[in-house]
Amino acid sequence: DGVAYTEVRRPCRVMILVNPHSGRGQALQLFTGHVQGMLTEASVPYTLVITEHQNHARELVRKADLSQWDALVIMSGDGLLFEVINGLMDREDWQEAIQTPLGILPGGSGNALAASVHHYSQSPPAWNEELLLSCGFILCKGLVGSLDLVSIHLASQQRLFSFLSLAWGFVADVDIESEKYRHVGAIRFLMGTLVRLASLRVYQGRLAYLPVMEAPKLPKGSIKATHPPSTPQHPLLCSSLPCRLIPNSSPNQNSRHNHNSTNSNHNTITNSSNNAITTKRPETQSDGKTIALVDSLLPGLDQPVPESWTVVKEEDFVLVLAIYQSHLAEDLWTVPGAMADDGLIHLFYVTAGISRPALLRLFLAMEKGAHLACGCPHLVYEKVKALRLEPTSPQGVITVDGEMVEYGPVQAQIHPGLARLICG
Ligand code: ADP
Ligand code: MG
């Protein structure tokens, strides 16, 4: 109609962080062999950053000018993403920084998030190079959804942000002990499981949690409000679209982008003692600085848990595992119904007395997500919002996202949709 207009566009910029030592030490070769060509074909410009030491990525992300980047992508195992998320949350502008879309390419030996992202895309199971290709394809599509984070407090007052798991007992021991088999790749967990089974032990401690209240049953004939599966919203990397489709918005503003996701009320916290709903949003001070993210469900670690919490009566465990993605490893489909932004901590524990064959059966069944159907009386599964674990065994291992953390009392709460993930 005669109006000439120019579009101001710039290519999307993706920072890809590679840990050259992850997995079998082949992350860089896997990247050049399988992903590079795909990104070139899809016209996704990227900058490769090869990490030089542990915490390199965390320091880099803490100081980076994030206006230069449309996404941060990790080509490693889950450990490197854990660094990146904590680097983002270390920042003064964490509220905005944590909105940077995050992507994952499986390059490590523990690729739980990559396996989960692949699973959320409703594709049939895939491993190794096939999983990498799938995640490369997902990255090229560039759809962004919400990602829950869990805030974790340790006895030393240290606070961590976790996207995958908090583990104690059998699972944590296998995770750390199997690091020495890293050169065999993802199968290290199976090897570690067999070795640990031979020296199965019991772990003493106290466990308490804040359960999720089941939605009230609807009367017959009423129409059920369906939560659509969390459809990723934003074509991030599509070269025909302007790139920052998501302006630098605060999480509050961002909630309108989430209208189609399962937790559009993701800043709403239910006070389970009186059913009152209180909306707690990150607040901004008058000078524009954001204040710290409050864990409103958690009392101090030295305080008793609130009355609304459930205290587990058993104190002898074989494992405690809090997980908030579908997969714990490429071949461990731990939470059949989990989604990246379901707002839930899926809490599993196995009490003492389980036999070695029964425990092995659970892990073998987990490959197909069938462990809950085993009818094992020692396995308990609860959906929770917060939990506290107080080990009383003098020694042990606790892991967060597969990384060993300080051993001792620990508590955690979910922050639904705090981060953003390239998936689907
Ligand atoms: P994997 O799945 O093989 O364990 P991860 O991504 O979990 O791979 O990385 C393993 C550990 O290596 C993590 O603790 C991570 O922080 C650390 N790391 C990251 N980059 C480097 C590096 N360049 N050198 C040594 N360790 C690193
Ligand atoms: Mg790891």
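The values are calculated or read from the model by the stated rules, or taken from the named source; none is laboratory data. None of the values given here were measured: they were computed from a predicted structure. Please note: Cβ atoms are built from the backbone with ideal geometry, for glycine as well, and neighbour counts cover all protein chains shown. Ligands, DNA and RNA are stripped out before the accessible areas are found, and what is left, the full protein with its side chains, is counted by its heavy atoms. Shrake-Rupley method; radii C 1.70, N 1.55, O 1.52, S 1.80 Å.
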Task: Scope segment 352-379; condition without any contact (Cβ under 8 Å) to a residue 40 or more places away in the chain and of a type in the set (A, V, I, L, M, F, W, C); matching residues - done: 354, 358, 362, 364, 365, 366, 370, 372, 373, 374, 376, 379
Open item on the list: Scan segment 401-413 and tell me whether some residue there is in contact with a Cys (Cβ under 9 Å, 6 or more places away or on another chain), of a type in the set (D, E, K, R) and at negative phi.
Closed with: no
- [ ] Could you tell me which residue of segment 330-342 is farthest from residue 132 (Cα to Cα), considering only residues that are among the small types (Gly, Ala, Ser) and in contact with a Phe, Trp or Tyr (Cβ under 9 Å, 6 or more places away or on another chain)?
- [x] 338
Task: Selection within segment 93-140 - closer than 14 Å to residue 23 by Cβ, of a type outside the set (Gly, Ala, Ser) and assigned to a loop (DSSP other than H, G, I, E, B) - done: 111, 127
Task: segment 35-48, subset outside any loop (DSSP other than H, G, I, E, B) and crowded, with 17+ Cβ neighbours inside 10 Å, residue nearest to ligand 2 (Cβ to nearest atom) - done: 35
- [ ] Could you tell me which numbered condition residue 363 fails, if it satisfies all but one of (1) in a strand (DSSP E or B); (2) surrounded by 15 or more Cβ atoms within 10 Å (Cβ to Cβ); (3) away from ligand 2 (no atom under 16 Å from the Cβ)?
- [x] (1)
Open item on the list: Checking the condition of a type in the set (A, V, I, L, M, F, W, C) and in contact with a His (Cβ under 9 Å, 6 or more places away or on another chain), which residue from 297, 293 passes?
Closed with: 293
- [ ] Could you tell me which of the residues 68, 54 is within 8 Å of ligand 1 (Cβ to nearest atom) and surrounded by fewer than 24 Cβ atoms within 10 Å (Cβ to Cβ)?
- [x] 54
Open item on the list: Quick check on segment 396-424: of everything there that is assigned to a loop (DSSP other than H, G, I, E, B) and among the hydrophobic types (A, V, I, L, M, F, W, C), which residue is most open to solvent (accessible area, probe 1.4 Å)?
Closed with: 397
Open item on the list: Which count do you get for residues in segment 293-314 that are closer than 30 Å to residue 365 by Cβ and out of contact with any strand residue (DSSP E or B) (no Cβ under 6 Å at 6 or more places or on another chain)?
Closed with: 1
Task: Positions within segment 150-185 being of a type in the set (Gly, Ala, Ser) and crowded, with 16+ Cβ neighbours inside 10 Å, in sequence order - done: 151, 162, 165, 167, 169, 172, 178, 185
TODO: Could you list all residues from segment 378-412 that are more than 16 Å from ligand 2 (Cβ to nearest atom) and in contact with a helix residue (DSSP H, G or I) (Cβ under 9 Å, 6 or more places away or on another chain)?
DONE: 378, 379, 381, 396
- [ ] Filter segment 19-34 down to residues that are open to solvent by less than 30 Å² (accessible area, probe 1.4 Å) and not in a loop (DSSP other than H, G, I, E, B) and give me whichever is nearest to ligand 2 (Cβ to nearest atom).
- [x] 27
Task: Failed item in (1) more than 16 Å from ligand 2 (Cβ to nearest atom); (2) modelled with pLDDT under 95, with residue 179 passing the rest - done: (1)
TODO: Within segment 79-110, track down each residue that is hydroxyl-bearing (Ser, Thr, Tyr) and more than 10 Å from ligand 1 (Cβ to nearest atom).
DONE: 100
Task: Condition broken by residue 393, with the remaining ones in (1) in contact (Cβ under 8 Å) with a residue 24 or more places away in the chain; (2) over 25 Å from residue 179 (Cα atoms); (3) surrounded by fewer than 18 Cβ atoms within 10 Å (Cβ to Cβ) satisfied - done: (2)
TODO: Please tell me if residue 197 is at pLDDT 95 or above and open to solvent by 10 Å² or more (accessible area, probe 1.4 Å).
DONE: yes
TODO: Output the residues belonging to segment 78-103 that are open to solvent by 10 Å² or more (accessible area, probe 1.4 Å) and among the small types (Gly, Ala, Ser).
DONE: 79
Open item on the list: Contact list please: Cβ distance under 7 Å, first residue in segment 338-351 and assigned to a loop (DSSP other than H, G, I, E, B) and at pLDDT 95 or above, second residue open to solvent by 10 Å² or more (accessible area, probe 1.4 Å) and among the β-branched types (Val, Ile, Thr), pairs at least six apart or on different chains.
Closed with: 339/262; 341/262; 342/262; 344/212
